[in-house]
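Bear in mind that the values in this text are calculations on the coordinates, not laboratory data. Because the structure is a prediction, the values reported are computed rather than measured. We place every Cβ from the backbone using ideal geometry, glycine too, and count neighbours over all the protein chains shown.
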Amino acid sequence: MALAAALMQEELPIARKRRCEIGLKGVSKTYRSEKGETRTVLSAVNLEIEAGEFVVVLGETGCGKSTLLRLILGEEPPSFGSIQVSGKPVKQIDARCGYVPQKYSLFPNRTALQNVMFGPRTAKYPLMPWLHPGFHAYRKELKTEATQQLLRMGLRAADANKYPHKMSGGMQQRVAIAQALIMKPSVMLMDEAFSALDPSTRISLQELVLDIWREQRPTMVFVTHNVAEALFLGTRLIVLGAYSEMMGGKTNVIADMHLQRSDLPYLERRHTKEFIELQSYVEELSYGISCQP
């Protein structure tokens, strides 16, 4: 059956299995309001994500998708459980993780080029860089590398000198992706990164991200509420459901399935029988999720 084949997990021999890049053991996250009320968002999450996987996290609003990314990034600590990236515990914001948020995150007073250069420059020379003898040579090399990253994202050379308010939403997200990639992360976290874009730009950026993943093979964790986008991008799909006290501490991971890859373009693939059948199945699993094109 086509659906069974699409969901089939490819069990690799032990010798061929890749190392675990991201590991979550018994992870829960509970928030407490000013009135002392508690709200559990994630419960008893156990995940092992192998190096080079493209994992898409799907779920309706409020089920903990973005929280999961923030925990992996180290922006927030879990209430219970442990998280590791590349075999090391996550205790603070982790430089091994590139992060592209839903809302445009560029510095408004810096050009596209300056935004891309900021991260690596600050990491290497955090204080008064101009006092270091090697800074000017490094800055020249970094400028060349940052320009190449912007061109790789499909931007023109002239776009490098534009400020964010002069860029479209799609251009800003291309700069944000370049900003993350120039740090050479082993893990890329993307949180609803294309949700605010028009359908044409969204499809273009989906293709771009897939090209980057195929070429560089970072471990991708991509959050979306869009079923078609999830099935097009992922090699693995994790479906989260909203936590309820009725669950009694059980996990709110509804499904964790491997997906077969296809080289068909988005518009062709989503009209195949197998894709339509799989999309319908996942929509039933994750009732209430938006499925916009």
Practice prompt. Go through 172-178, 43-49 and give me the packing order, highest mean Cβ count within 10 Å leading.
Written response: 172-178, 43-49
Item to complete: Residues in segment 22-63, backbone N under 16 Å from the label point at Q216 (7 Å along the Cα-to-beta-carbon vector): list them, ranges by number please.
Response: 52-55
Item to complete: Tell me, rounded to the nearest percent, the portion of alpha carbon pairs in segment 110-205 spaced more than 21 Å apart.
Response: 36 percent
Worksheet item: Roughly how compact is segment 164-293, stated as its Cα Rg over 2.2 N^0.38 Å to two decimals?
Response: 1.14
Discussion item. I'd like the distance between the alpha-carbon centres of segment 21-48 and segment 212-266, rounded to an integer number of Å.
Written reply: 18 Å
Discussion item. Based on alpha-carbon atoms only, what is the radius of gyration of the chain relative to the globular estimate 2.2 N^0.38 Å?
Written reply: 1.05
Fill in: Rough spin-label spacing in nm, given labels placed 7 Å along Cα→Cβ, for D263 and K103
4.2 nm
Worksheet item: Once the dipole of the chain is set up with Lys and Arg at +1 and Asp and Glu at -1 on Cβ about the Cα centre, which of P129, S186, T251 lies farthest towards its positive end?
Response: P129
Worksheet, complete the sentence: Amide H contacts under 5 Å for Q102, restricted to residues at least 5 apart in sequence or on another chain and with H modeled in the peptide plane, are D191
Response to the item:
Using alpha-carbon coordinates alone, the radius of gyration and Dmax of segment 30-104 in Å work out to 13.4, 43
Fill in: Label point 7 Å beyond Cα of E48 along Cβ direction - residues of segment 252-278 with amide nitrogen under 17 Å
256-258
